[in-house]
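Working notes for the structure below.
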Amino acid sequence: MSRDPRCPCRSGRRYRRCCQPLHQGRAAPSPEALMRSRFAAYALGDVAYIVATTDPSGPQWGADEGAWRADIERFCASTRFVGLRVEESGEEEGGEGFVVFHATLEQAGPRGALQDASFGERSRFRRVDGRWRYWGGERR
């Protein structure tokens with residue numbers, strides 16, 4: 001395996017120059033950068049990053065953090081993160097932003113065969129204490 005692999009966010013860039021600095025604590029400069037870094041974190045099973053970048057006031061926040069973390073771990077372990085296409089993104093007034101994307105995923109079916117689990121979403125992001133956080137999304 002390459003010592004400097006391509007980033008799991010599918011940007012085409014090397015991980016160390018793309019999402020790794022965000023995973024190591026650097027603030028995402030935009031909603032799109034945060035969304036891409038979260039996709040990469042899911043692909044890498046980085047549960048701590050996913051939790052840390054979720055807005056506590058949003059509907060995706062897990063009230064029972066232990067159960068929420070376990071659900072994320074199961075999802076990451078059972079999913080192959082094949083592709084990501086960003087269709088639109090932007091920042092809005094009031095510290096909010098959005099990203100419209102399509103994620104191509106595969107998950108093991110009842111007999112172990114991989115099945116399509118792809119989806120599209122319009123995600124909402126908010127600035128919390130100067131950092132972008134994922135608030136929630138609407139499936140498309």
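Each value in this text was obtained by applying a stated rule to the coordinates, not by laboratory testing. In this text the structure is predicted, and so the values were computed from the model without any measurement. Methodologically, a virtual Cβ is constructed for each residue, glycine included, from the backbone with ideal geometry; neighbour enumeration extends over all protein chains shown.
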Compactness of the stretch 15-139 - radius of gyration and Dmax, Cα, Å:
14.4, 48
With a cut-off of 15 Å, note down the residues of the stretch 17-42 whose backbone N falls inside the zone around a label point 7 Å from the Cα of ARG85 toward its beta carbon.
none
Counting each DSSP H run of 4 or more residues in the chain as -39500 (n - 2.57), what helix-only mean residue ellipticity at 222 nm follows after dividing by all residues, to the nearest 500 deg cm²/dmol?
-7500 deg cm²/dmol
